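Let me begin by presenting the structure, written as structure tokens, before commenting on it.
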Amino acid sequence: MKAILIEKPGDEKVLKLGEIPDPVAGPEDILIDVRYAALNRADLMQRQGFYPPPPGASPILGLECAGRVAAVGSAVRGWQVGDRVMALLAGGGYAEKAVVHHGSAMHIPAALTDEEAAAIPEVFLTAFVNLFILAEVKPGESVLIHGGGSGVGTASIQLLREAGARSIVTAGSDAKCEQCLRFGADVAINYNAGPFAPRVKAATSGRGADIILDSIGAAYLMPNLEALAHSGRLVLIGLMKGAKTEIDLTTVLRRHLRIFGSTLRARSAREKAEIVTAFVARFGPALEAGKLRPPIHKVLPLAEAAEGHRMMQASEHFGKIALRVS
């Protein structure tokens, strides 16, 4: 099969289309004929050598895909060859075929195209597990999402809207802030126009955000704590601007703050299956009705994955970048 290969870590130019053997499905797996895959920041980190796949996962890039079921393992129920499928992957999406544990797969609703479905699993499940399972967002709460125009950001805006919570997002330009507002964010803050914490306070009548979902890391830790309400929850999901910094623990103690660290990729098949089941139970009707729909910035052929990586690195996109595989 054709797949995007990496000989050695580097910039996007190391991504090359090549041939590798087809993957083989185990008894609990589904084999997918991939039609579309979607890009994520984690792909850029893996390409650079900073985010190796977990043990046993495919070394091929790609954490989500959509297509048709090509084969079903002997222990799998509820799936048959030909079904439309979207899947959360530990790796392997940038290829013509991918294998996934059946618990990480979801049926594609009729309301979604294959390219939209490919852009659902990684970002919507990331937003769901962190906001709804870990942080336990409640109706009426204010949630700050860093990177409102990203895949996780746009997924979070939609899920919070469905849950009756308020979304405050940051973005890097006035134009992108306007896109976030048109997409449904309640408040958008240009982080290049000054510190975000005072503006979060102003947008919440001085209270602060009940929850912050942060992919930035060290550079934002203290401003995040400043922006949190009393008993607020900070969920850290990325380290785009550093992994090490100092923290004033007095702030955490005095204001009863909670800090969570979370990744999705390295979780066990059982954990991922539980997350998928909970997501479908909570948001399946909205998904079926087409109320949850990722904005697709660009669709590129698989052979042009390098251009997708360049575009994402430059933050030129709003929403998701997809690859047309077949």
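For the reader, a short list of remarks on this structure follows.
- Any chance Thr277 is touching a helix residue (DSSP H, G or I) at 6+ places or on another chain (Cβ under 6 Å) and either outside the structural domain of His146 (by TED's automatic domain parsing) or surrounded by fewer than 15 Cβ atoms within 10 Å (Cβ to Cβ) (or both): no
- Exclusive hit being in a strand (DSSP E or B) and out of contact with any Asp or Glu (no Cβ under 6 Å at 6 or more places or on another chain), set Lys8, Lys16: Lys16
- Conditions (1) of a type outside the set (A, V, I, L, M); (2) within 15 Å of Ala117 (Cα to Cα); (3) exposed (fewer than 14 other Cβ atoms within 10 Å of the Cβ); number of the one not met by Arg254: (2)
- If the condition is being buried (at least 19 other Cβ atoms within 10 Å of the Cβ) and touching a Pro at 6+ places or on another chain (Cβ under 6 Å), then the range 285-307 contributes only Leu287.
- Comparison of Ala111, Ala95, Ala119, Ala135 shows that the only residue that is small (Gly, Ala, Ser), surrounded by 24 or more Cβ atoms within 10 Å (Cβ to Cβ) and closer than 28 Å to Pro285 by Cβ is Ala119.
The values are calculated or read from the model by the stated rules, or taken from the named source; none is laboratory data. None of the values given here were measured: they were computed from a predicted structure. With ideal geometry, Cβ positions are generated from the backbone for all residues, glycine too; neighbour counts draw on all protein chains shown.
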